[in-house]
Structure formats: structure tokens, C-alpha cells
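These notes concern the structure reproduced below.
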Amino acid sequence: MLCRTHSTSSYLRKLDTIITDFTFNLHVKYISSLKVAWRKDPKLDRAIENDKRYKLCARVVREVLNEPGQVIPLRYLEKRRQRMRLHDKAKTFLSRNPGLFDQYYDRIKPKTDPLLFLRASNRLKKFLDEEERIFKENEPLIVSKLCKLLMMSKNNVISADKLLHVKREFGFPNEFLVSLVPRYPQYFRLIGCPGEGKSFLELVSWNPEFAESVIERRAKEEARLTGIRVRPNFNVKLPPGFKLKKGMREWVRDWLELEYISPYEDASHLDQASREMEKRTIGVFHELLSLSLYKGIPVPILGKFSDDYRFSNEFSSAFTRHSGIFYLSLKGGIKTAMLREAYRDDKLIDRDPLLEIKDKFVELLEEGWRQRAEQLRLRREQIKRDTEVLAMKTSE
């Protein structure tokens, strides 16, 4: 009798495992088989293109400022063109973007020939002072962003090197791990030395005020204005002319009816292949993009955090599967996930306060561009006058 009971129990356990595995595989097949064709959105692609020149100039500036003494020989900058994705020669870039650097001659060693060096211009130094002021004014925002990134992650800890890699996406200062983090021991604990590959930033305490997503905050605000309880959910708006097949429309409708799962909730109990986990994952994507400066992050960068945020191996397909929430741009040969609701046409409407830094930098660039345009105009006028004088002398 005991043997038969043990055998029956063993059989039932195996049967339960088979059913669980079948259900798991069914869910995997069910979700991954829902294909939505990618469709180009010229307006959102243009949003990426609009910032192309600014981002290129910012890369060159960072290259110079990261050098010892914040100076660099022009020929060294020329050798790094490919890494900076600079298509023009360094000298051509400087002529097209005046006002960023002063040029001067100096020797690398006492007896070597003088070389042309670059250093920050007074205008660039003034911008850097403005940048520091904006960072200081927005420090509470930066702290909350950093806490949120940790609060959404598994075990509330993330590699320091990964965080350094995304500092520009979220608007963190260059040295935030050594300058900002130590000032907030109530929130952060830095383990190890950043840059050595074995350093981690850990959340020390949970702040409930930070554990509210953009979607939850939006629903709360709408309820306050209307007096009607609003259920948190995603804004879904397909671009003009975009049609979903009937089966996909029904799936999206049913999926939206599922209870919203906050990205700050513990998701360890959720089946990776379930619709609930899909709801939670899309919530994490939405929150990450909302926290970013441009409401868009390159997919390869998101992929670095797959383990931290429990993304599946095929996580990028979710951006096309939910085309009413996200857009997957292929501009520049890099897949970039963008948040549709943050844009009107190609203009960012949901602006992060830290974008004031970009605005100040663009002002600096435009001042130089105006200066160059004026010089070219005067040069053309002088050539025209000289040509007219020469023509008159020839006719005489």
C-alpha cells in the first residue's frame, strides 16, 4: 500500500510538471507568435535626426574634456574620428562649429616641434558653469531617478559600470558615483570601485514616494481633476494608417483589460511567459523610457539590463508588438525604443528639466553657427566687390 501511494504521488508530481511545462510552452508560443509588422514613422525618425548635430558636437566636447588638463593635440583628435563617428576631418569640424575650442601651439615634449592643441573656449567654460548649476538645481530629481532604477531592479542592486554606461540617457553627471552618491547614504551604498568591473550600487532604503510610476501618477491626477476613479493603464495610439489584424486587436484589447502591474512591485512570482509578466515588462519599459532624457533608449543599452529587470531573451519584439505605446526606430543603424506619447510629430512635448543643459549647449552652438554664417556672407560680398572692380578695370 505504501509503495502504491508513493507511486501515485510520484505520478501526480510528474503529471503536474508536464502540465506546468506545457502551459509554460503554450504561453511562450502564444505571446512570441503574435507578430506585428514594423512600420516606419518618419516623424519620430526625424526627432532622432534633429539632435544628430548636437550629439556629435557633444561627443567631441566630451573627448577633449576627458583628457588630462582638458587639452588635446588636434592630430590626436583626428585619429579618434571613427570612434566619435565624426565623418569630417577634425579641422573641418572645428571650422563648421566655431566657439567651442581655442586653438594654440605647444610642445608635447621640450625638444619636439610645436603642435596645434585644443582647449575649451571661454564660451564653452561659461556653458560648463551653467551645466554645473543645472545639475545642482535638479539634484533631487537625479537622486529620485537613480533610486527608481534600483527599485525596479532585481534585488535592488545594479552594476556600477552599467549605470555609468547609461548616465547620458538619464542625465546623470559625469562623476555621479563619486560626487553625488556619497552625499545620500540614506539611499545608496556603493560596493567596490567603479570602473573595475566588480562594483555595484545598492539601494539602502525604500522611499514609497519614488515607488509610483508615471502611469500611476497620471491616473491619480486624472482622478483628482475629474472626481472619478481612474484605473492606471497605458495610452495606446497607433500612428495614422496603421492597422492591426483582428486577432492581434483582440489580444491587445484583452491584454489592456488586465490589471496594471507597477514596475516597482516584486515580480519574482510571475511566470516569465505569462500575459501578466508581459504587462509588468511593458510597465518597466514605459517607466525607463519616461525617466530618460529623450524618452527613448537604444535597444542594445536596454539589453545590458535584461537580467536586472527580468527581460526575456526576445524582449525587443515587445516594442513592435505594442506599436501603439512604443516606436522602434532604426535611424542611424541603431534600434532605438521611443515612447510615442512623449512626442507630438517630431517634437518632444514631455521635456525633462535636465534638458535645459542641452538648450544651453545648443545656444552656444548656434552662436558659433551665426558667427560662421556672417563671416561667409562678408567673404562672399568681398569676393563680389573684388570681381566687380576687376571687371571695371578690364573694361577700361
Residue satisfying condition, being on the phi < 0 side of the Ramachandran plot, among the hydrophobic types (A, V, I, L, M, F, W, C) and modelled with pLDDT of 95 or more, within set Val362, Val389, Val284: Val284
Pairs returned, first residue in region 101-126 that is within 28 Å of Glu363 (Cα to Cα), second residue that is among the hydroxyl-bearing types (Ser, Thr, Tyr), beta-carbon separation under 9 angstrom, 6 or more apart or interchain, are Phe101/Ser121; Asp102/Ser121; Leu116/Tyr104; Leu116/Tyr105; Phe117/Tyr104; Phe117/Tyr105; Leu118/Tyr104; Arg119/Tyr104
Counting only residues that are among the hydrophobic types (A, V, I, L, M, F, W, C) and more than 24 Å from Lys295 (Cα to Cα), give me the helices (runs of 4 or more DSSP H) lying completely in region 175-262 with at least 2 of them. 214-226, 246-257
So Glu388, is it exposed (fewer than 15 other Cβ atoms within 10 Å of the Cβ) and either under 20 Å from Glu137 (Cβ atoms) or not aliphatic (A, V, I, L, M) (or both): yes
Apart from one, (1) closer than 29 Å to Phe319 by Cβ; (2) surrounded by 15 or more Cβ atoms within 10 Å (Cβ to Cβ); (3) touching a Leu at 6+ places or on another chain (Cβ under 9 Å) all hold for Ile48; the odd one out is (3)
Could you tell me whether any residue of region 23-34 is assigned to a loop (DSSP other than H, G, I, E, B), modelled with pLDDT under 95 and not charged (D, E, K, R)? yes
What is the number of the single condition among (1) at pLDDT 70 or above; (2) surrounded by fewer than 13 Cβ atoms within 10 Å (Cβ to Cβ) that Ala58 does not meet? (2)
What residue, among those in region 91-123 that are crowded, with 16+ Cβ neighbours inside 10 Å and touching a strand residue (DSSP E or B) at 6+ places or on another chain (Cβ under 7 Å), is modelled with the lowest pLDDT? Leu94
Matching residues in region 102-160 (within 30 Å of Asp307 (Cβ to Cβ) and more than 29 Å from the chain's Cα centre (by Cα)) number 0
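Okay, residues lined up against (1) under 24 Å from Thr281 (Cβ atoms); (2) surrounded by 15 or more Cβ atoms within 10 Å (Cβ to Cβ); (3) under 27 Å from the mean Cα position of the chain (by Cα):
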residue: Arg224; (1), (2), (3): no, no, no
residue: Gly227; (1), (2), (3): no, no, no
residue: Pro232; (1), (2), (3): yes, yes, yes
residue: Lys237; (1), (2), (3): yes, no, yes
residue: Pro240; (1), (2), (3): no, no, yes
residue: Lys243; (1), (2), (3): no, no, no
residue: Arg249; (1), (2), (3): yes, no, no
residue: Trp255; (1), (2), (3): yes, yes, yes
residue: Ile261; (1), (2), (3): yes, yes, yes
Within region 289-334, restricting attention to residues that are among the hydrophobic types (A, V, I, L, M, F, W, C) and touching an Asp or Glu at 6+ places or on another chain (Cβ under 6 Å), which residue is surrounded by the fewest Cβ atoms within 10 Å (Cβ to Cβ)? Leu293
What are the pairs, 6+ residues apart or on separate chains, where a residue within region 153-182 that is free of Cβ contacts under 8 Å to residues at least 12 places away in the same chain and at positive phi has its Cβ under 9 Å from a residue that is outside any helix (DSSP H, G or I) and surrounded by fewer than 17 Cβ atoms within 10 Å (Cβ to Cβ)? Asn155/Glu202
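The values are calculated or read from the model by the stated rules, or taken from the named source; none is laboratory data. Quantities reported herein were computed from a predicted structural model and do not represent experimental measurements. Backbone-built Cβ (ideal geometry, glycine too); neighbour counts: all protein chains shown.
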